[in-house]
Amino acid sequence: MIDHLFKDARYGIRSLLKRPGATLVALVTLALGIGVNTAIFSAVDSILLRPLPFKDPERVVSIWERGLGQGVSQNEVAPANFFDLRNQTRGFEAIGAHGTQDVNLTGDGAEPERLTAELVTADVFSILGVEPALGRTFLTNEDQVGQEHVVVLGDALWRRRFNRDPSIVNRSITLNGEPFTVVGVMPRGFFFPQRETELWIPWAMEPEQAAGRGDHYLHVVARLRAGTTLKQANAEVDGIGGRLATEYPKTNEGLTFIVNSTHQDYVGNLRLPMLILFAAVGLVLLIACANVANLLLAQATVRRREIAIRFALGARRWTIVRQLLVESLLLATVGGLLGVLGAVWGVAALSKLLPESLSRLQNVSVDARVFVFTLGVSVLTAIVFGGVPALLAARAKPGETLSDVARDTGGGTSGRHVRRVLIVSEVALAVVLLVGAGLLIRSFQLLRQVETGFSADNLLTMKMVLPMPKYRTPEARRAFYDEMLRRVGELPGIESAGMITFLPLSFNGMNFSFSVEGQTQPSDMKLPFALYRVVSPEYFRTMGIPLQRGRFFDAHDNADS
């Protein structure tokens, strides 16, 4: 059997080389169809299918507050509510909290560097179940005030900044002007909560901070006990939320908790768009298959006399079908390899185009899983576009075929019918894709026409974080910002410069509740909320935001006024 397959492969290679033009067109068509599918599957696999890099990831969950009103389905947790949850639940092995913070790394002789750090309670690493590559993670007492000056490094930072030095453990580094002792390095491929995170610091909360229920900013992660389901966990935290609402009506009225799969929170609303995109590129592959099948049918017409003569000389129908399928498999395999090469380039481009919510989840790459997918697609493609010509060839009768060839070069009635069906199918699939693409383009045009309220022309932005030890007081921070704005404003080519806490159209921000003078004040949970940002006086002019009435801020609008 193997010998027959090798002979069929040699025969197929010779046959394909005899018609280089048709072979090249088929290869390019298949490479495009398979390559696009491979690239999109890489994203789908990384984002939707691959588990998070934690131990028993199905047991790692997130806990949110809900019931804050104004259409908010879930919100970060207030510190006091977090500690009550941690102390009262029984369905979790552990509950931890974390939050993102930018830090400045200095003092090791290299250039200062701003890094994305994650503040975590000491039990977060045990919840994730990932052991460090070097050293250890945090001890239970290291998220207490006075014990928190230790740090765990990410693999990327360890390689880039410290040249993979194994003696980095127990060395001191300077973060925000203060010394921190490196106690561990996490393994390659680990990320939490996002890939940009390069180090982890214990979150030591002051007693006043830990007792707060009015500010909601903790991201809570937990590990379910073995055998505990999401439904059971939600029932338990819902009961705790009800007790807290009764005990603290001023801050917790109507507020409860919800438990989600952490992977579900990472994916968010991306599942449906990703699956729709995958289905769309699947239609592209079907169109490619139909094109190649049409091409092979046309080639089969030219080869009908050859196949008929082989039948007349005693060739088995299975032998002919096998040779044609092997030939199709050769085409699909080479097309798949070219498609993988294209997918490698496409994935690199796709990673740059992905929104931040996608790129922070997984590294989209062409790996062994993707190669297996591509191999399967190539085999399936060979069967789809090669099966029809092979079956038509197997059904042919030598006498009728030779006479049909003599009087008609159109390929016979059955061949013409199949080609017509393929052409109609191609047109139908193409119309579906064109209509979908047209709707997307139109939606994009409408989005670009939305009036944002500011002018983005010639705007440059930068982000900075001041180290608290050096700039502890509001006066020190204000003096720095004022001097920085003055110097930036004096640079050549700068018309104006301003500052804001969070850029427009970003999802970050701060809320406060407010009441109206002269009206009865309801409970804190029923007060209306407002999203606010802090700006410098020149911000509006710098952004080109027009004034409708009144005046802009000026230097007199300070802390005393």
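The values are calculated or read from the model by the stated rules, or taken from the named source; none is laboratory data. Treat the numbers as computed from the prediction; the structure is a model and nothing was measured. With ideal geometry, Cβ positions are generated from the backbone for all residues, glycine too; neighbour counts draw on all protein chains shown.
Return a yes/no flag: does region 156-165 have any residue that is assigned to a loop (DSSP other than H, G, I, E, B) and touching a residue at least 12 places away in the same chain (Cβ under 8 Å).
Applying the first criterion (assigned to a loop (DSSP other than H, G, I, E, B)) to region 156-165 yields 163-165.
From what's left, touching a residue at least 12 places away in the same chain (Cβ under 8 Å): none.
No, region 156-165 contains no residue that is assigned to a loop (DSSP other than H, G, I, E, B) and touching a residue at least 12 places away in the same chain (Cβ under 8 Å).
In region 529-561, what residues are of a type in the set (A, V, I, L, M, F, W, C), surrounded by 11 or more Cβ atoms within 10 Å (Cβ to Cβ) and either part of a loop (DSSP other than H, G, I, E, B) or in contact with a Leu (Cβ under 9 Å, 6 or more places away or on another chain) (or both)?
Phe529, Phe540, Met543, Ile545, Phe552, Phe553
Please find, among Leu429, Leu440, Leu485, the residue that is over 23 Å from Met543 (Cα atoms) and touching a residue at least 12 places away in the same chain (Cβ under 8 Å).
That would be Leu429, the only listed residue that is over 23 Å from Met543 (Cα atoms) and touching a residue at least 12 places away in the same chain (Cβ under 8 Å).
Residue by residue through region 136-150, note down the ones that are at pLDDT 95 or above and farther than 20 Å from Val220 by Cα.
Of everything in region 136-150, those that are at pLDDT 95 or above and farther than 20 Å from Val220 by Cα turn out to be Arg136, Val150.
Condition check: farther than 23 Å from Phe92 by Cβ and touching a residue at least 60 places away in the same chain (Cβ under 8 Å). Does Leu255 satisfy that?
The answer is no for Leu255.
Among the residues of region 444-461, write down those that are under 13 Å from Leu505 (Cβ atoms) and of a type in the set (Gly, Ala, Ser).
Gly453, Ala456 - these are the residues of region 444-461 that are under 13 Å from Leu505 (Cβ atoms) and of a type in the set (Gly, Ala, Ser).
Please work out if Ala288 is assigned to a helix (DSSP H, G or I), in the same structural domain as Ile34 (by TED's automatic domain parsing) and crowded, with 20+ Cβ neighbours inside 10 Å.
In short, yes.
May I ask you to say which residue of Asp56, Asp3 is charged (D, E, K, R) and at pLDDT 80 or above?
Every option except Asp56 fails the conditions.
So that you can scan it fast, the table gives a plain yes or no per residue for (1) surrounded by fewer than 16 Cβ atoms within 10 Å (Cβ to Cβ); (2) over 23 Å from Val326 (Cβ atoms); (3) among the β-branched types (Val, Ile, Thr); (4) modelled with pLDDT of 80 or more:
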site	(1), (2), (3), (4)
Ala368	yes, yes, no, no
Val372	yes, no, yes, yes
Leu392	no, no, no, no
Leu402	no, yes, no, no
Leu422	no, no, no, no
Val431	yes, yes, yes, yes
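When you look at Phe191, is it under 22 Å from Leu466 (Cβ atoms), buried (at least 19 other Cβ atoms within 10 Å of the Cβ) and of a type in the set (Phe, Trp, Tyr), yes or no?
no
Residues to consider are Gly21, Gly12; find the one that is of a type outside the set (A, V, I, L, M), over 30 Å from His263 (Cβ atoms) and surrounded by fewer than 14 Cβ atoms within 10 Å (Cβ to Cβ).
Just a single option satisfies the conditions, and that option is Gly21.
Only residues that are crowded, with 24+ Cβ neighbours inside 10 Å and more than 24 Å from the chain's Cα centre (by Cα): list them for region 24-64, please.
Ala26, Leu30
Got a number for residues in region 194-205 being at pLDDT 90 or above and farther than 10 Å from Val151 by Cα? Step through it out loud before you land on a result.
Going residue by residue through region 194-205, those that are at pLDDT 90 or above are 197-205.
Narrowing the set further to residues that are farther than 10 Å from Val151 by Cα leaves 197-198, 203-205.
Summing the residues that are at pLDDT 90 or above and farther than 10 Å from Val151 by Cα in region 194-205 gives 5.
Select from region 199-215 the residues that are in a loop (DSSP other than H, G, I, E, B) and under 19 Å from Asp123 (Cα atoms) and write down the one among them that is nearest to the chain's Cα centre (by Cα).
Trp203
This table checks each residue for (1) in contact with a Lys or Arg (Cβ under 9 Å, 6 or more places away or on another chain); (2) closer than 19 Å to Ile383 by Cβ; (3) modelled with pLDDT of 85 or more.
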residue: Glu253; (1), (2), (3): yes, no, no
residue: Ser261; (1), (2), (3): no, no, yes
residue: Ala280; (1), (2), (3): no, no, yes
residue: Ala293; (1), (2), (3): yes, yes, no
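Of the residues that make up region 120-136, is at least one under 23 Å from Phe191 (Cα atoms), over 30 Å from the mean Cα position of the chain (by Cα), in the same structural domain as Thr174 (by TED's automatic domain parsing) and part of a helix (DSSP H, G or I)? If you could, list the steps in order and put the result at the bottom.
Residues of region 120-136 that are under 23 Å from Phe191 (Cα atoms), as a first pass: 120-136.
Now drop any that are not over 30 Å from the mean Cα position of the chain (by Cα), which leaves 135.
Those still in the list that are in the same structural domain as Thr174 (by TED's automatic domain parsing) too: 135.
Then keep just the ones that are part of a helix (DSSP H, G or I); that gives none.
The answer is no, given that none of the residues of region 120-136 is under 23 Å from Phe191 (Cα atoms), over 30 Å from the mean Cα position of the chain (by Cα), in the same structural domain as Thr174 (by TED's automatic domain parsing) and part of a helix (DSSP H, G or I).
Where the second residue is basic (Lys, Arg) and at pLDDT below 95 and the first is on the phi > 0 side of the Ramachandran plot and lies in region 77-94, which pairs have Cβ atoms under 9 Å and are six or more apart or on separate chains?
none
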